[in-house]
Amino acid sequence: MAKLHVLFVAALAGLCLAPVARAAPPAKAAPPVQTLTALSLVGQPKYPPGFAHLDYVNPKAPKGGTLRLANVGGFDSLNPFIIRGNSAPGLSLVYQTLMTSTPDDISSEYGLIAKSVEIPADHRFIIFNLRPQARFDDGTPITAADVVWSFDTLKREGAPQYRFYYANVTKAEALGPERVKFVFAGAANRDLPEILGELPVLSKRYFAIHPFNRTTLQPPLGSGPYRVSRVDPNRSITYARVRDYWGRDLPVNVGRYNFDRIRYESFRDSTIALEAFKAHTYDFRIENVAKNWATAYDFPALNKGLVIKQEIREWRPSGMQAFVFNTRLAKFADRRVREAIADAFDFAWENKHLFYGQYTRTRSFFANSDLAATGLPSPAELKLLDPFRSELPPKLFTEPFEPATTDGSGNDRKNLLKAAHLLAEAGWHVRSGRLVGPSGQPFRIEFLLVEPEFERVVAPFIQNLHRLGIAARIRLVDPAQYQNRLNGFEYDIIVAVWPESESPGNEQRNYWTSASAERPGSQNYAGIRNPVVDALVKDLIAAPDRAAQVTAARALDRVLLWNYYVIPQWHLTFDRIAYWNEFGRPAKPPKYGVDIHAWWYARAKAKLVRRSEGAGQR
């Protein structure tokens with residue numbers, strides 16, 4: 001009534017010197033907000049609110065003893081959040097995140113520091129409600145102020161991936177001592193809530209007097225089930241169980257973190273590490289070398305049953321392990337050159353003669369998951385790809401991608417002839433046995449390696465490259481030099497691994513986009529600068545549901561594969577483990593791999609092992 005009266009008087013007096021105010025449209029109703037104890041991107045979480053413990057654990061597992069593990073390469077820092085230095089293994093035991101996934105439900109996150117979350121249907125923000133009992137090791141409470149400080153500091157001063165992960169988070173604010181809100185920008189992003197659930201929470205008070213952006217060997221203040229108890233740089237690090245750990249009775253932790261001490265021994269390379277395992281310098285090993293698994297475990301302790309050797313089936317997405325071209329270099333800028341070099345890699349021969357037939361050739365950046373591209377693009381994929389048809393290899397639309405196949409003889413001339421033809425198209429020709437470019441420059445490749453075991457993998461590849469006239473060689477460097485060269489993109493070809501989850505999201509920016517190509521320390525090892533890739537990464541991150549996410553991932557997969565940024569290698573569908581028989585373990589392992597933190601020290605078994613070895617009990 002008041003507004004109607006004002007308008008009537010103004011009209012009579014002829015005093016409308018400014019636009020007349022109109023009644024505001026009805027306010028749009030805010031989307032409903034759910035309060036949840038777990039998040040999932042592929043359906044419902046496995047565990048309902050109020051569950052007691054993870055299905056596979058022994059909730060009454062005894063505490064005690066020491067677990068000794070191996071680390072290949074040295075370390076000189078206890079700060080895992082920056083790119084400076086080589087951080088020690090196992091530091092995730094010290095820090096806690098807002099939420100956590102579980103080894104039997106990796107697509108979901110359950111409350112850890114946060115007891116619950118509030119999230120609207122449009123995913124424009126998330127609120128974390130913190131547990132009042134959550135504490136740092138010095139007894140101080142974990143507060144919303146710590147969460148906000150951690151987010152702001154990691155994004156501003158942390159390793160590059162944090163800026164990519166949190167790029168669409170515009171603000172973090174404390175709504176109270178135990179309540180923190182993150183506000184999102186851009187298109188709706190279903191992945192952001194879980195990405196923020198993975199935020200490691202650091203003590204604002206501690207870092208007020210300890211510089212965040214420096215390497216350090218001072219044991220840090222954490223809030224996890226273990227604390228650093230002893231450090232010998234480049235040799236070993238020991239973690240001690242926090243006996244009054246605030247989260248020990250949370251359902252995700254019951255039956256886990258059972259060892260009193262966890263010690264990592266550092267070794268120069270994995271060959272030395274294997275021999276140390278046989279000598280019982282450490283206790284548990286995941287074997288990554290097929291030849292070792294086939295030939296190197298015939299030793300007395302295993303034959304006596306003191307060591308157990310086992311293959312355990314797992315269903316983790318395999319991601320991509322590959323030879324990676326540094327396309328920042330002019331010699332790798334042409335896709336035809338990269339395809340030609342890929343044709344010279346004889347996986348069939350290597351799998352037969354070097355790997356004892358144990359591996360499956362990787363054909364996708366999302367291998368071992370439903371996100372992997374198969375066959376020809378679907379109609380839904382074509383909607384994403386068709387606007388870029390002129391910028392994409394024509395075969396992407398007409399052929400399923402397949403890495404070069406051979407007869408396994410080691411002398412497949414068909415592939416080498418195809419490679420030579422592609423190189424000639426790109427302007428490279430053989431002169432006096434050498435492949436040279438238009439200005440006479442020879443084609444040289446250096447494979448930068450950090451693992452000596454890969455020399456035997458690369459050597460046959462180099463022989464085939466020599467047949468094409470390419471002068472190729474291996475450069476083996478120590479871990480510190482290797483990391484520095486990776487950070488600065490100082491290499492021709494490396495071996496890299498991009499892990500993938502069942503729900504890829506913001507990390508894809510750090511892997512593939514133009515924005516990450518020249519950012520030191522990013523995981524865009526190939527130096528990809530491709531507007532099509534940039535657009536598809538956006539589609540993947542903004543996917544409103546699982547179907548759209550799968551479509552975008554498959555479209556992105558095709559573009560990455562057909563541009564030959566990498567030469568796909570191989571993957572396993574099982575874990576190869578060996579361990580000294582002094583542990584108890586769950587009867588059935590979780591679906592997505594071994595959870596060593598659900599094992600426990602079995603004193604009776606350990607006593608038998610020690611007696612056989614003639615040594616005392618740990």
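Values in this text are rule-based calculations from the coordinates and carry no lab data. As the structure is a computational prediction, the values presented were derived from the model and not from experiment. Positions of Cβ are generated from backbone atoms using ideal geometry, with glycine treated the same way; all protein chains shown enter the neighbour counts.
Summary table below
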quantity: Partners for LYS304 among lysines (Cα-Cα distance below 29 Å; same-chain residues under 8 apart left out); calculated: LYS63, LYS278, LYS291, LYS588, LYS605, LYS607
quantity: Three-way shape label, the chain, alpha-carbon gyration tensor, a/c 1.5; calculated: oblate
quantity: The range 560-618-the range 466-536 distance, computed between alpha-carbon centres (Å); calculated: 29 Å
quantity: Residue exposure sequence - SER318, SER390 - by fewest surrounding Cβ within 10 Å; calculated: SER390, SER318
quantity: Net charge over other residues, Cβ less than 12 angstrom from the Cβ of SER229 (K, R count +1; D, E count -1); calculated: +2
quantity: Length added when fully stretched, ILE83-SER229, from 0.36 nm per residue minus Cα-Cα; calculated: 50.2 nm
quantity: Exposure proxy ranking, count of Cβ atoms within 10 Å, fewest first, for ILE470, ILE341; calculated: ILE470, ILE341
quantity: For the range 320-571, alpha-carbon Rg over 2.2 N^0.38 Å; calculated: 1.00
quantity: Centre separation in Å (Cα based) which lies between the range 425-451 and the range 377-391; calculated: 35 Å
quantity: Shape category assigned to the range 101-177 from the gyration tensor of Cα positions, a/c cut at 1.5; calculated: rounded
quantity: Residue exposure sequence - LEU435, LEU382 - by fewest surrounding Cβ within 10 Å; calculated: LEU382, LEU435
quantity: Lysine pairs with alpha-carbon atoms under 20 Å apart, the range 320-571, spacing 8 or more or separate chains; calculated: 6
quantity: Computed [θ] at 222 nm, helices only, for the chain once each DSSP H run of length n ≥ 4 contributes -39500 (n - 2.57); calculated: -7500 deg cm²/dmol
quantity: Gyration tensor verdict on the range 456-531 (Cα atoms; rounded if a/c is under 1.5, prolate if a/b is larger than b/c, oblate otherwise); calculated: prolate
quantity: Amide H contacts of SER77 (H built 1.01 Å from N, under 5 Å, at least 5 apart or other chain); calculated: ASN86, ALA88
quantity: Packing-based order for 563-572, 198-207, 392-401, using average beta carbon neighbours within 10 Å, highest first; calculated: 563-572, 198-207, 392-401
quantity: Bridge type composition, the range 320-571 - antiparallel percent by DSSP, nearest 5; calculated: 65 percent
quantity: Average Cα contact separation per residue, the range 320-571, under 8 Å, 6 or more apart, as relative contact order %; calculated: 34 percent
quantity: Relative contact order (%) - the chain, alpha-carbon pairs under 8 angstrom, separation at least six; calculated: 20 percent
